[in-house]
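Participant: Have a look at this one before I ask anything.
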Amino acid sequence: MNMIQLYNNVSFKISKLVTHTYSTSFSIAVSFLDSEMRNAIYSIYGFVRLADEIVDTFHDYDRKELLFRFENDYYEALNNGLSLNPVLHSFQYVVKTYRIPDELIQAFLTSMKADLLNNDYSNKAKIDEYIYGSAEAVGLMCLKVFVKGNESLYDELRYPAMKLGAAFQKVNFLRDLKNDIENLDRSYFPEIEINTFNNAIKKQIINDIETDFASSFPGIKKLPQKAKLPVLIAYYYYLSLLNKIKNTPAEKLMLTRIRVSGSKKFLLLIKAYLACKLKLL
(Lines give C-alpha, C1' and ligand atoms only; values in the text may rest on other atoms or scores of the structure.)
Protein backbone atom coordinates (compact mmCIF):
# COMPACT_ATOMS: atom_id res chain seq x y z
CA MET A 1 0.00 0.00 0.00
CA ASN A 2 1.46 3.39 -0.99
CA MET A 3 1.33 6.36 1.37
CA ILE A 4 -1.47 8.22 -0.41
CA GLN A 5 -3.66 5.10 -0.25
CA LEU A 6 -2.88 4.89 3.46
CA TYR A 7 -4.00 8.51 3.87
CA ASN A 8 -7.16 7.80 1.85
CA ASN A 9 -7.97 4.92 4.21
CA VAL A 10 -7.35 7.08 7.28
CA SER A 11 -9.61 9.80 5.83
CA PHE A 12 -12.44 7.31 5.24
CA LYS A 13 -12.04 6.08 8.83
CA ILE A 14 -12.33 9.65 10.15
CA SER A 15 -15.53 10.17 8.15
CA LYS A 16 -16.81 6.87 9.52
CA LEU A 17 -16.02 8.04 13.07
CA VAL A 18 -17.92 11.29 12.48
CA THR A 19 -20.93 9.32 11.23
CA HIS A 20 -20.89 6.84 14.12
CA THR A 21 -20.48 9.60 16.70
CA TYR A 22 -23.28 11.82 15.44
CA SER A 23 -25.87 9.32 14.22
CA THR A 24 -26.17 5.77 15.54
CA SER A 25 -29.32 5.09 13.51
CA PHE A 26 -27.80 6.24 10.22
CA SER A 27 -24.61 4.30 10.94
CA ILE A 28 -26.54 1.07 11.45
CA ALA A 29 -28.26 1.48 8.08
CA VAL A 30 -25.01 2.33 6.26
CA SER A 31 -23.26 -0.69 7.78
CA PHE A 32 -25.29 -2.95 5.46
CA LEU A 33 -23.66 -1.47 2.33
CA ASP A 34 -20.57 -3.01 0.76
CA SER A 35 -17.27 -1.44 1.85
CA GLU A 36 -16.88 0.83 -1.19
CA MET A 37 -20.38 2.29 -0.94
CA ARG A 38 -20.10 2.45 2.84
CA ASN A 39 -16.97 4.62 2.70
CA ALA A 40 -18.58 6.88 0.12
CA ILE A 41 -21.72 7.46 2.21
CA TYR A 42 -19.63 8.04 5.36
CA SER A 43 -17.72 10.70 3.42
CA ILE A 44 -20.88 12.44 2.25
CA TYR A 45 -22.27 12.38 5.78
CA GLY A 46 -19.00 13.73 7.20
CA PHE A 47 -19.01 16.67 4.81
CA VAL A 48 -22.65 17.49 5.50
CA ARG A 49 -22.24 17.08 9.26
CA LEU A 50 -19.27 19.44 9.52
CA ALA A 51 -21.11 22.15 7.60
CA ASP A 52 -24.20 21.65 9.76
CA GLU A 53 -22.12 21.89 12.94
CA ILE A 54 -20.66 25.21 11.78
CA VAL A 55 -24.16 26.59 11.24
CA ASP A 56 -25.99 25.16 14.25
CA THR A 57 -23.40 24.63 16.99
CA PHE A 58 -20.41 26.97 16.84
CA HIS A 59 -22.26 30.05 18.11
CA ASP A 60 -19.23 31.42 19.99
CA TYR A 61 -17.25 31.67 16.74
CA ASP A 62 -17.56 33.59 13.50
CA ARG A 63 -19.74 31.05 11.74
CA LYS A 64 -19.88 32.94 8.44
CA GLU A 65 -16.11 32.97 8.26
CA LEU A 66 -15.90 29.30 9.24
CA LEU A 67 -18.39 28.29 6.53
CA PHE A 68 -16.60 30.48 3.98
CA ARG A 69 -13.28 28.80 4.82
CA PHE A 70 -14.89 25.36 4.80
CA GLU A 71 -16.24 25.93 1.28
CA ASN A 72 -12.91 27.29 0.04
CA ASP A 73 -11.01 24.40 1.63
CA TYR A 74 -13.33 21.94 -0.12
CA TYR A 75 -12.72 23.45 -3.56
CA GLU A 76 -8.99 23.56 -2.90
CA ALA A 77 -9.15 19.87 -2.02
CA LEU A 78 -11.14 19.16 -5.18
CA ASN A 79 -8.66 21.02 -7.37
CA ASN A 80 -5.56 19.55 -5.70
CA GLY A 81 -6.88 16.04 -5.04
CA LEU A 82 -5.69 16.41 -1.45
CA SER A 83 -6.72 18.03 1.84
CA LEU A 84 -5.18 17.91 5.29
CA ASN A 85 -8.76 17.89 6.56
CA PRO A 86 -9.49 14.13 6.32
CA VAL A 87 -13.26 14.62 5.92
CA LEU A 88 -12.78 17.01 3.00
CA HIS A 89 -10.13 14.72 1.52
CA SER A 90 -12.41 11.69 1.53
CA PHE A 91 -15.35 13.74 0.23
CA GLN A 92 -13.45 15.18 -2.75
CA TYR A 93 -12.35 11.65 -3.60
CA VAL A 94 -15.97 10.48 -3.59
CA VAL A 95 -17.13 13.50 -5.64
CA LYS A 96 -14.60 12.64 -8.35
CA THR A 97 -15.13 8.86 -8.21
CA TYR A 98 -18.92 9.01 -8.51
CA ARG A 99 -19.08 12.21 -10.61
CA ILE A 100 -21.28 14.07 -8.14
CA PRO A 101 -22.37 17.32 -9.85
CA ASP A 102 -21.17 20.56 -8.30
CA GLU A 103 -24.74 21.86 -8.50
CA LEU A 104 -25.71 19.49 -5.67
CA ILE A 105 -22.85 20.66 -3.46
CA GLN A 106 -23.62 24.31 -4.15
CA ALA A 107 -27.32 23.75 -3.41
CA PHE A 108 -26.39 22.22 -0.06
CA LEU A 109 -24.00 25.04 0.85
CA THR A 110 -26.59 27.64 -0.19
CA SER A 111 -29.04 26.17 2.33
CA MET A 112 -26.36 26.23 5.04
CA LYS A 113 -25.68 29.90 4.26
CA ALA A 114 -29.42 30.63 4.41
CA ASP A 115 -29.48 29.45 8.03
CA LEU A 116 -26.76 31.99 8.83
CA LEU A 117 -28.09 34.90 6.81
CA ASN A 118 -31.78 34.76 7.71
CA ASN A 119 -34.26 32.75 9.70
CA ASP A 120 -37.24 33.66 7.53
CA TYR A 121 -38.82 30.60 5.90
CA SER A 122 -42.25 32.19 5.82
CA ASN A 123 -43.32 31.08 2.37
CA LYS A 124 -43.39 27.81 0.44
CA ALA A 125 -40.87 28.89 -2.21
CA LYS A 126 -38.22 29.65 0.41
CA ILE A 127 -38.73 26.44 2.35
CA ASP A 128 -38.81 24.34 -0.83
CA GLU A 129 -35.47 25.84 -1.89
CA TYR A 130 -34.03 25.22 1.56
CA ILE A 131 -35.22 21.59 1.67
CA TYR A 132 -33.84 20.95 -1.81
CA GLY A 133 -30.37 22.06 -0.73
CA SER A 134 -30.29 20.69 2.80
CA ALA A 135 -31.90 17.29 2.11
CA GLU A 136 -32.89 16.48 -1.45
CA ALA A 137 -29.47 17.38 -2.89
CA VAL A 138 -27.78 15.24 -0.23
CA GLY A 139 -30.07 12.34 -1.15
CA LEU A 140 -29.06 12.79 -4.79
CA MET A 141 -25.38 12.66 -3.81
CA CYS A 142 -26.06 9.31 -2.17
CA LEU A 143 -28.04 8.16 -5.21
CA LYS A 144 -24.98 8.85 -7.37
CA VAL A 145 -23.10 6.37 -5.19
CA PHE A 146 -25.88 3.78 -5.28
CA VAL A 147 -26.25 3.71 -9.09
CA LYS A 148 -22.46 3.58 -9.68
CA GLY A 149 -22.47 5.48 -12.97
CA ASN A 150 -25.78 4.22 -14.35
CA GLU A 151 -27.10 7.61 -15.49
CA SER A 152 -30.40 6.32 -16.88
CA LEU A 153 -31.19 4.71 -13.51
CA TYR A 154 -30.14 7.91 -11.73
CA ASP A 155 -32.55 9.93 -13.88
CA GLU A 156 -35.33 7.42 -13.23
CA LEU A 157 -34.82 7.48 -9.45
CA ARG A 158 -34.07 11.17 -9.08
CA TYR A 159 -37.62 12.27 -8.23
CA PRO A 160 -38.37 9.57 -5.62
CA ALA A 161 -34.93 10.14 -4.06
CA MET A 162 -35.75 13.84 -3.70
CA LYS A 163 -39.12 13.02 -2.14
CA LEU A 164 -37.45 10.69 0.36
CA GLY A 165 -34.92 13.35 1.31
CA ALA A 166 -37.73 15.88 1.74
CA ALA A 167 -39.71 13.47 3.93
CA PHE A 168 -36.71 12.79 6.17
CA GLN A 169 -35.96 16.49 6.53
CA LYS A 170 -39.54 17.46 7.36
CA VAL A 171 -39.71 14.72 10.01
CA ASN A 172 -36.51 16.14 11.49
CA PHE A 173 -38.07 19.61 11.48
CA LEU A 174 -41.10 18.37 13.43
CA ARG A 175 -38.95 16.37 15.85
CA ASP A 176 -36.64 19.36 16.50
CA LEU A 177 -39.41 21.95 16.65
CA LYS A 178 -38.66 23.02 20.21
CA ASN A 179 -34.92 23.49 19.68
CA ASP A 180 -35.29 25.22 16.31
CA ILE A 181 -37.77 27.78 17.61
CA GLU A 182 -36.36 28.38 21.11
CA ASN A 183 -32.60 28.10 20.54
CA LEU A 184 -32.06 28.80 16.84
CA ASP A 185 -35.00 31.19 16.30
CA ARG A 186 -36.09 29.24 13.21
CA SER A 187 -39.29 27.67 11.99
CA TYR A 188 -39.14 25.70 8.77
CA PHE A 189 -42.90 25.47 8.34
CA PRO A 190 -44.68 28.59 7.05
CA GLU A 191 -47.83 27.30 8.77
CA ILE A 192 -46.26 27.49 12.23
CA GLU A 193 -46.03 30.40 14.58
CA ILE A 194 -45.08 29.59 18.15
CA ASN A 195 -48.47 30.63 19.53
CA THR A 196 -50.59 29.09 16.78
CA PHE A 197 -49.18 25.57 16.38
CA ASN A 198 -52.02 23.15 17.05
CA ASN A 199 -53.21 19.68 16.09
CA ALA A 200 -54.93 20.92 12.91
CA ILE A 201 -51.70 22.50 11.65
CA LYS A 202 -49.73 19.41 12.70
CA LYS A 203 -52.15 17.19 10.73
CA GLN A 204 -51.74 19.38 7.64
CA ILE A 205 -47.94 19.09 7.84
CA ILE A 206 -48.05 15.33 8.45
CA ASN A 207 -50.35 14.80 5.45
CA ASP A 208 -47.76 16.55 3.29
CA ILE A 209 -44.95 14.36 4.68
CA GLU A 210 -46.97 11.19 4.13
CA THR A 211 -47.40 12.20 0.49
CA ASP A 212 -43.60 12.54 0.19
CA PHE A 213 -43.10 9.09 1.72
CA ALA A 214 -45.64 7.56 -0.69
CA SER A 215 -43.92 9.19 -3.67
CA SER A 216 -40.52 7.88 -2.58
CA PHE A 217 -41.37 4.22 -2.07
CA PRO A 218 -41.52 3.15 -5.75
CA GLY A 219 -37.95 4.42 -6.08
CA ILE A 220 -36.74 2.27 -3.18
CA LYS A 221 -38.12 -0.80 -4.97
CA LYS A 222 -36.00 0.01 -8.05
CA LEU A 223 -32.72 0.64 -6.22
CA PRO A 224 -29.82 -1.75 -6.91
CA GLN A 225 -30.06 -4.69 -4.52
CA LYS A 226 -26.88 -3.70 -2.66
CA ALA A 227 -28.35 -0.30 -1.77
CA LYS A 228 -31.95 -1.31 -1.08
CA LEU A 229 -31.67 -2.62 2.50
CA PRO A 230 -29.96 0.43 4.08
CA VAL A 231 -32.40 2.83 2.42
CA LEU A 232 -35.37 0.69 3.49
CA ILE A 233 -34.09 0.64 7.09
CA ALA A 234 -33.93 4.45 7.07
CA TYR A 235 -37.37 4.62 5.43
CA TYR A 236 -38.96 2.44 8.11
CA TYR A 237 -37.18 4.33 10.89
CA TYR A 238 -38.38 7.75 9.74
CA LEU A 239 -41.88 6.46 9.04
CA SER A 240 -41.98 5.10 12.59
CA LEU A 241 -40.77 8.44 13.91
CA LEU A 242 -43.49 10.22 11.94
CA ASN A 243 -46.16 7.89 13.32
CA LYS A 244 -44.97 8.60 16.85
CA ILE A 245 -45.12 12.34 16.14
CA LYS A 246 -48.59 11.83 14.66
CA ASN A 247 -49.77 10.35 17.95
CA THR A 248 -48.20 13.12 20.04
CA PRO A 249 -50.35 16.20 20.81
CA ALA A 250 -49.11 19.42 19.22
CA GLU A 251 -48.52 21.09 22.57
CA LYS A 252 -46.26 18.24 23.68
CA LEU A 253 -44.18 18.50 20.48
CA MET A 254 -43.32 22.04 21.54
CA LEU A 255 -41.93 20.72 24.83
CA THR A 256 -40.00 17.57 23.95
CA ARG A 257 -37.99 15.76 21.26
CA ILE A 258 -39.60 12.55 20.01
CA ARG A 259 -37.40 9.45 19.76
CA VAL A 260 -37.71 5.85 18.60
CA SER A 261 -36.54 3.31 21.20
CA GLY A 262 -33.58 1.00 20.61
CA SER A 263 -35.81 -2.09 20.68
CA LYS A 264 -38.15 -0.55 18.09
CA LYS A 265 -35.19 0.27 15.85
CA PHE A 266 -34.07 -3.35 16.04
CA LEU A 267 -37.52 -4.59 15.02
CA LEU A 268 -37.57 -2.17 12.09
CA LEU A 269 -34.17 -3.45 11.00
CA ILE A 270 -35.46 -7.05 11.05
CA LYS A 271 -38.56 -5.98 9.12
CA ALA A 272 -36.43 -4.35 6.41
CA TYR A 273 -34.03 -7.30 6.28
CA LEU A 274 -36.84 -9.82 5.81
CA ALA A 275 -38.53 -7.66 3.17
CA CYS A 276 -35.32 -7.63 1.13
CA LYS A 277 -34.32 -11.21 1.84
CA LEU A 278 -37.73 -12.58 0.85
CA LYS A 279 -37.88 -10.17 -2.10
CA LEU A 280 -41.14 -8.63 -0.88
CA LEU A 281 -40.30 -5.39 -2.68
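The values are calculated or read from the model by the stated rules, or taken from the named source; none is laboratory data. The model shown is predicted, which means the values in this text are computed figures rather than measured ones. No Cβ is skipped: glycine too gets one built from the backbone with ideal geometry, and neighbour counts run over all protein chains shown.
Participant: Checking the conditions here, which among Leu82, Leu67, Leu33 is modelled with pLDDT of 95 or more, in a loop (DSSP other than H, G, I, E, B), surrounded by 13 or more Cβ atoms within 10 Å (Cβ to Cβ) and not basic (Lys, Arg)?
Facilitator: Leu82
Participant: Of Leu88, Leu66, Leu104, Leu33, which residue is aliphatic (A, V, I, L, M) and without any contact (Cβ under 8 Å) to a residue 24 or more places away in the chain? Before you say what the answer is, go through the steps one by one.
Facilitator: On the way: Leu88 fails: without any contact (Cβ under 8 Å) to a residue 24 or more places away in the chain; Leu104 fails: without any contact (Cβ under 8 Å) to a residue 24 or more places away in the chain; Leu33 fails: without any contact (Cβ under 8 Å) to a residue 24 or more places away in the chain.
Checking each option against the conditions leaves just Leu66.
Participant: Report the residue count in the range 115-163 for those that are of a type in the set (Gly, Ala, Ser) and more than 17 Å from the chain's Cα centre (by Cα).
Facilitator: Going residue by residue through the range 115-163, those that are of a type in the set (Gly, Ala, Ser) are 122, 125, 133-135, 137, 139, 149, 152, 161.
With the extra rule that they be more than 17 Å from the chain's Cα centre (by Cα), the set shrinks to 122, 125, 149, 152.
Selection size over the range 115-163: 4.
Participant: Can you name the residue in the range 219-237 that is in a helix (DSSP H, G or I) and surrounded by fewer than 14 Cβ atoms within 10 Å (Cβ to Cβ) and is also modelled with the lowest pLDDT among such residues? I'd like the intermediate steps shown before the answer.
Facilitator: Residues of the range 219-237 that are in a helix (DSSP H, G or I), as a first pass: 219-221, 225-237.
Still in the running and surrounded by fewer than 14 Cβ atoms within 10 Å (Cβ to Cβ): 221, 225.
Values: Lys221: 94, Gln225: 91.
Within the range 219-237, the match that is modelled with the lowest pLDDT is Gln225.
Participant: Take the residues in the range 1-30 that are closer than 25 Å to Leu267 by Cβ and either touching a strand residue (DSSP E or B) at 6+ places or on another chain (Cβ under 6 Å) or of a type in the set (Phe, Trp, Tyr) (or both); name whichever of them is modelled with the lowest pLDDT.
Facilitator: So the first thing to find is which residues in the range 1-30 are closer than 25 Å to Leu267 by Cβ, and the list is 19-30.
Pick out the ones that are also either touching a strand residue (DSSP E or B) at 6+ places or on another chain (Cβ under 6 Å) or of a type in the set (Phe, Trp, Tyr) (or both) and you get 22, 26.
Values: Tyr22: 93, Phe26: 88.
Within the range 1-30, the match that is modelled with the lowest pLDDT is Phe26.
Participant: Let me ask another. Within the range 56-71, does at least one residue satisfy the condition of being among the β-branched types (Val, Ile, Thr) and more than 30 Å from Leu223 (Cβ to Cβ)? It would help to see each step written out before you state the result.
Facilitator: From the range 56-71, those among the β-branched types (Val, Ile, Thr) are 57; that's our starting set.
Next cut, more than 30 Å from Leu223 (Cβ to Cβ) only: 57.
Yes, the range 56-71 contains a residue that is among the β-branched types (Val, Ile, Thr) and more than 30 Å from Leu223 (Cβ to Cβ).
Participant: Now for a separate question. Out of the residues in the range 104-156 meeting the condition of being of a type in the set (Asp, Glu) and surrounded by 19 or more Cβ atoms within 10 Å (Cβ to Cβ), tell me which one is farthest from Ile41 (Cα to Cα). Spell out how you get there, then give the answer.
Facilitator: Pass one, the range 104-156, residues of a type in the set (Asp, Glu): 115, 120, 128-129, 136, 151, 155-156.
Imposing the further condition that a residue be surrounded by 19 or more Cβ atoms within 10 Å (Cβ to Cβ) reduces the set to 115, 136.
Numbers: Asp115: 24, Glu136: 15 Å.
The qualifying residue farthest from Ile41 (Cα to Cα) is Asp115.
Participant: Can I ask one more? At pLDDT below 95, among the aromatic types (Phe, Trp, Tyr) and closer than 21 Å to Phe108 by Cβ - does that describe any residue in the range 36-55?
Facilitator: no
Participant: Go through (1) at pLDDT 95 or above; (2) under 17 Å from Leu116 (Cα atoms); (3) of a type in the set (D, E, K, R) for Asp60 and report which single condition fails.
Facilitator: (1)
Participant: Given the residues Asp52, Asp60, which is the only one that is assigned to a helix (DSSP H, G or I) and surrounded by fewer than 21 Cβ atoms within 10 Å (Cβ to Cβ)?
Facilitator: Numbers: Asp60 fails: assigned to a helix (DSSP H, G or I).
Criteria check complete, one pass: Asp52.
Participant: Could you tell me how many of the residues in the range 20-34 are more than 18 Å from Tyr235 (Cα to Cα) and either among the acidic types (Asp, Glu) or in contact with a Phe, Trp or Tyr (Cβ under 9 Å, 6 or more places away or on another chain) (or both)?
Facilitator: Taking the range 20-34 and keeping what is more than 18 Å from Tyr235 (Cα to Cα), we get 20-22, 34.
This time we only want the ones that are either among the acidic types (Asp, Glu) or in contact with a Phe, Trp or Tyr (Cβ under 9 Å, 6 or more places away or on another chain) (or both), so: 20, 22, 34.
Qualifying residue count for the region: 3.
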